[in-house]
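Bear in mind these aren't lab numbers, they're just calculated from the coordinates by the rules spelled out. Please read these numbers as outputs of a predicted model, since none were measured by experiment. Positions of Cβ are backbone-derived with ideal geometry, glycine not excepted, and every protein chain shown enters the neighbour counts.
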Amino acid sequence: MSSISTEAKVGLFVLAALIILAYMSFRVGEYGFGLKKGYLVNVVFDDATGLEKDASVQIAGVEVGRVEDISLKDGKALVTLRILPSVELEKDVEAKIKSYGILGDKYVDIVPGTKDGTYITAGGDITRTGQQADIDKLLSELGIIAGDVMKITSSLKNVLGSAEGEANLKAIVENTRSITENLNRVVTQNDEKLNLMITNLGEASAEMRNAFAALNNIVERIDSGEGTIGQLVENRDVFDNLNQTLASIRDITDKINKGEGTIGKLVNDEDTVDNLNASLKSLEKSMDGIERYVSKSEQFKTFLSYRGEYLFDGGDGKGYFDLTIRPKEDKFYVLGLVADPRGSRTVTDTTVGATPTTRTETWERDELLFTAQIGKRFKDIALRGGIFESTGGVGIDYFAFDDRLQVTFEAFDFDSDRNAHLKTYAEYRLLKHIYLSAGWDDFISNEGRESPFIGFSIKFEDEDLKYLLGSVPIPK
Amino acid sequence: MNKIAATIDNFGRAILDNIEEMGRILILFLSVLMWMVRPPLKLRLIFRQMEFVGVKSIFVVVLTGTFTGMVMALQGYYGFKMFNAESLVGSTVALGMTRELGPVLTALMVTARAGSAMAAELGTMRVTEQIDALYVMATNPVKHLIVPRVIAGVVMLPLLTVVADFMGILGGYFVGVPILGINSGAFVNNITKMVDLGDIYHGLTKAAFFGLILSVVGCHKGFNTTGGAEGVGRATTEAVVLASVSILISDYFLTAIMF
């Protein structure tokens, strides 16, 4: 340390401090030294409120200069800008006073112009200026607007705010909706009709004009005695002829009235009338009866049938006794009894305390099951529905070889606990009333009840039964 | 009655003493100005005082500036965080340092370090009759002893302030960017955007005034010391107190005039 002289120490210190000062000045001043070389440009603003000397001049947010001076000129603000020499301004640039945010400092923003090679020279003017929306102006205008809005809302509130107003509004809206809906429906539905109507009306009015003209013409012609009607109207002879004819007709009817001649007698004799009446009535009755019996005897048929089935797996027999009523060719009713060896099933659910439900199934033998079905036949196919063995079900029959072979499929006893009872079989007419059948009963059973079977049946048409039923009024 | 009269007497005398002292300081200042422009200037003496006032104060000024900047950044951060404007911490530190804290704190530190030393030195010379010896040697003690000190104070204070400003901003940057996580670009840009050259130069002007005040007050207190070793101690204390108070009071008026 002793080797460094006092002067050197002071000199070093002063130098260091000056370097730091220069550095800080350069950083802070930014263009502090270079800007003085920049050129001056004048711009006149209507209002330069808040703009200060040395405020920034920017293009697209990049500082290109500073505000050199602000003075008054003809009641407007003459702002002199010092622009960096490296920046050229086109002739039609636009200068605006803007601010950083709402509360920030003001600066001059320059919007670049068209690049046509002409630039503002030193001491020139920027002629286009714009004004940024002033925050004070904005706030005062906002205040006015808010006042207006408040007036509107308060009056609206008076009108609509009450319960009555609300209800009215609701009613109006609903009415409007229903009206427009109706209108829409009417218009869309009757679009074509309306069009047609309008065209028709147009045509009709044209036609009517023609018709009236023609009518006029006809009436004129009748008036002048032209044509048949004209002659009829005008000619005396025709009228006389007509009179004579009417007179002779009156003569004839007079004679009939008096009982003269055959017709007269017939007409005037009371007995004849009674006889005629009686015979007509009896004829009517007999015709009725004939008609009904003939039609019924033609269409109405009743069949009785018994079928026995032997179930191989169950080792049991099943008996069917059916009465089939067929009022029409394509319609039939089946009523019947079924003797099932397993009888009917009774399900009992018992719940003891908190233990789960116990389901008990009991099969009661020797109980008859019922069949009541309604069916309809379409050519070779007949569909049946109703009660099958005391449960609901459907069935389909297919007939072949002039009804000698019948293939049947039935599905019934639908229960959520077990599979439905499906049954299919074929029946063949061996002799006139004797049929043989074979099939598979309950073939998707999950209770082990599926079983193939063969069967034998007798089926015949019962005429007496038919007449017995025939006298009962059955709709045709 | 006598007591009241005595109290009023004392009060009046105190005022008169103060005014008299202000007058003496002014006279000393004027004579310093007069001797300053009168050649030959003793450059060697000036450099020695510059070394003492300036170079030897660097350490304490650097320390003061750095920690002041750091604590400003820390305090400012919590304030600006409420507005999500943390990046303004940099400009706050920079503005505060350059405009106010740099000059004032530097002046106070130099007053404590060098101003007190001046008073003690001159006071000792006064009580040991060395100053009288200078008169005997036909050497003006104001020119020989006081002018170099005042020049050193006026010149060195701004330079020390530059160091304090810079170190303060550096300290603020160190706390703000790596520790508090403020974006460094925003931090620096806000400094350059918000701080004007004027802020720095006005601060330096103030610092020069403070240098003048502390050196003149220090010299005056030492030059007019009476009462032996005890008087030297009293003079030193009074010099520091008066200089510090004067610096703070004048700071207000200087700021009001300049900004």
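Below are the figures for this structure:
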{"read-out": "Label point 7 Å beyond Cα of A:Gln189 along Cβ direction - residues of region A:160-179 with amide nitrogen under 20 Å", "value": "A:175-179"}
{"read-out": "Region B:42-258, Cα convex hull volume normalised per residue, Å³", "value": "119"}
{"read-out": "GNM top mover of B:Phe210, B:Phe187, B:Phe80 - chain B, alpha-carbon springs below 10 Å", "value": "B:Phe80"}
{"read-out": "Sorted by Cβ density within 10 Å, fewest first, the residues A:His421, B:His220", "value": "A:His421, B:His220"}
{"read-out": "Sorted by Cβ density within 10 Å, fewest first, the residues A:Val93, A:Val43", "value": "A:Val93, A:Val43"}
{"read-out": "Theoretical FRET efficiency, 1/(1+(r/R0)^6), r = Cβ-Cβ of B:Asp132 and B:Asn18, R0 22 Å, to 0.05", "value": "0.25"}
{"read-out": "Relative contact order (percent, whole number), region A:380-459, Cα cutoff 8 Å, 6+ residue spacing", "value": "19"}
{"read-out": "Projected label distance in nm at A:Lys157 and B:Ala5, using a 7 Å step from Cα toward the beta-carbon", "value": "8.2"}
{"read-out": "Sequence of A:Val67, B:Val110 once ranked by neighbouring C-beta atoms within 10 Å, starting from the fewest", "value": "A:Val67, B:Val110"}
{"read-out": "Alpha-carbon centroids, region A:298-334 and region A:150-186: separation in whole Å", "value": "70"}
{"read-out": "Simple Cβ-charge dipole of the protein assembly as shown, Lys/Arg +1 and Asp/Glu -1, about Cα centre, in debye nearest 20", "value": "5440"}
{"read-out": "DSSP bridge orientation in region A:31-130 - percent antiparallel, rounded to nearest 5", "value": "80"}
{"read-out": "Projected label distance in nm at A:Ala247 and A:Thr424, using a 7 Å step from Cα toward the beta-carbon", "value": "9.4"}
{"read-out": "Cα pair distances of region B:73-193 binned at 10 Å [whole percent]", "value": "13, 31, 20, 15, 11, 9, 2"}
{"read-out": "Whole-number Å³ per residue for the convex hull built on Cα positions in the protein assembly as shown", "value": "755"}
{"read-out": "Averaged over A:7-18, number of beta-carbon atoms from partner chains that fall within 10 Å", "value": "6"}
{"read-out": "Over chain B, relative contact order from alpha-carbon pairs under 8 Å, at least 6 apart, %", "value": "32"}
{"read-out": "Charge-dipole axis of region B:42-258 as Lys and Arg at +1 and Asp and Glu at -1 on Cβ define it, positive-most pick from B:Ala133, B:Ile179, B:Val62", "value": "B:Ala133"}
{"read-out": "Proximal lysine pairs, chain B, alpha carbons under 30 Å, eight or more residues apart or interchain", "value": "12"}
{"read-out": "Number of partner chain Cβ atoms within 10 Å, mean per residue of B:199-206", "value": "1"}
{"read-out": "In nm, spacing of pseudo-spin labels at A:Ser445 and A:Ser3 (7 Å Cα→C-beta vector)", "value": "12.5"}
{"read-out": "Burial ranking of peptide ranges B:146-154, B:48-56 (average Cβ count within 10 Å, highest at the top)", "value": "B:146-154, B:48-56"}
{"read-out": "Linear extension gain, A:Leu142 paired with A:Ser71, 0.36 nm per residue minus alpha-carbon span", "value": "22.4 nm"}
{"read-out": "Span per principal axis, largest first, for the Cα atoms of region B:1-105 (Å)", "value": "65, 55, 21"}
{"read-out": "Peptide B:50-56, shielding by other chains (average Cβ, 10 Å cutoff)", "value": "5"}
{"read-out": "Of the DSSP H helices in chain B, those whose Cα atoms cover at least 20 Å axially and whose Kyte score averages -1.0 or more", "value": "B:2-36, B:58-81, B:147-174, B:197-223, B:228-258"}
{"read-out": "Descending semi-axes in whole angstrom, ellipsoid equivalent of region A:47-166, from the Cα gyration tensor", "value": "44, 15, 13"}
{"read-out": "Percent antiparallel among DSSP beta bridges (both partners in the protein assembly as shown, rounded to 5)", "value": "95"}
{"read-out": "Hits among lysines - C-alpha to C-alpha of A:Lys115 under 20 Å, sequence gap 8 or more where chains match", "value": "A:Lys91, A:Lys96"}
{"read-out": "FRET efficiency, B:Arg234 to A:Leu40 (Cβ-Cβ, R0 45 Å, nearest 0.05)", "value": "0.15"}
